[in-house]
Amino acid sequence: MRESVIYQEILTEGRTEGRTEGRTEALLEVAKNLLNSGMPLEEVARMTKLTVEQLEQLQTQEESDKQQ
């Protein structure tokens, strides 16, 4: 019975982490699309609740990916 409780706790924690990661990935994808459409960085930050630093890092990563 004890294993069942521990298993359920781990399963719940895993689901929560998975949902959080999924939301983050989706938000970053939206931010990429907004930036690629020419929307100003500050506006994307306001709409997505990401920081300007996160968006700058995303832009740098995108530019790096395009060069490869």
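Every number here is computed from the coordinates shown, using simple stated rules; none is lab data. It should be emphasised that the depicted structure is a prediction, and the values quoted were computed from it without experimental measurement. Note that each Cβ is placed from the backbone with ideal geometry, even for glycine, and that neighbours are counted across all protein chains shown.
Counted by neighbouring Cβ atoms within 10 Å, the residues V30, V44 run from fewest to most as V30, V44. Taking the longest Cα principal axis of the chain as reference, the axis of helix 2-36 is set at about 10 degrees.
Look at (i) 1.52; (ii) 1.59; (iii) 1.19: the one that is Cα Rg over 2.2 N^0.38 Å derived from this structure is (ii).
Only DSSP H runs of four or more residues enter the estimate; each adds -39500 (n - 2.57), and after division by the residues of the chain the mean residue ellipticity at 222 nm equals -30000 deg cm²/dmol.
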